[in-house]
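K.L.:
Take a look at this one; I'll ask things after.
The values are calculated or read from the model by the stated rules, or taken from the named source; none is laboratory data. Bear in mind that the values here come from a model prediction, so they are computed numbers and not experimental data. We place every Cβ from the backbone using ideal geometry, glycine too, and count neighbours over all the protein chains shown.
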C-alpha cells in the first residue's frame, strides 16, 4: 500500500507543481507540489525496502536425538512467519 501511496503523492505533487497556475497570494502551489513529490519519493522507497525485507527467507535446521539416532529437519520460513 505504501508504494501506491508514494506514487499517488508524487503524481498529485507533479500536477500541483507543473499544471496548476492559479493566482494565490497566500500559498505557493508549486512549492507544495515539490514537497509532495519529495514525500512521495520517500514513501515509495520506504515501501520498496519493506517489500524486499518481507520477502527474505531464512532456513532453520534442527537436530534431535531419538534413542541415539540423529534426525535432522530443515524448514524454510519467511521473516514474518511464526516460529513453531
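K.L.:
Could you please find all residues in the stretch 1-28 being surrounded by 15 or more Cβ atoms within 10 Å (Cβ to Cβ) and over 16 Å from the mean Cα position of the chain (by Cα)?
P.N.:
Listed by number, the residues that qualify are 12, 13, 14, 16, 17.
K.L.:
Has the stretch 53-71 got any residue that is modelled with pLDDT under 95, in a strand (DSSP E or B) and surrounded by 13 or more Cβ atoms within 10 Å (Cβ to Cβ)?
P.N.:
Looking only at the stretch 53-71, we keep the residues that are modelled with pLDDT under 95, and these are 53-71.
From what is left, the residues that are in a strand (DSSP E or B) are 57-66, 69-71.
If we keep only those that are surrounded by 13 or more Cβ atoms within 10 Å (Cβ to Cβ) as well, we get none.
Checked the stretch 53-71: no residue is modelled with pLDDT under 95, in a strand (DSSP E or B) and surrounded by 13 or more Cβ atoms within 10 Å (Cβ to Cβ).
K.L.:
List, please: which pairs have Cβ atoms under 7 Å, are six or more places apart or on different chains, and start with a residue in the stretch 31-48 that is over 9 Å from residue 14 (Cβ atoms) and end with one that is outside any helix (DSSP H, G or I) and at pLDDT 95 or above?
P.N.:
Once the first residue is over 9 Å from residue 14 (Cβ atoms) and sits in the stretch 31-48, no partner that is outside any helix (DSSP H, G or I) and at pLDDT 95 or above comes close enough.
K.L.:
Which of the residues that make up the stretch 1-41 are assigned to a loop (DSSP other than H, G, I, E, B) and closer than 29 Å to residue 52 by Cβ?
P.N.:
Going through the stretch 1-41, the residues assigned to a loop (DSSP other than H, G, I, E, B) turn out to be 1, 20-28.
Hit for the stretch 1-41 is 1, nothing else.
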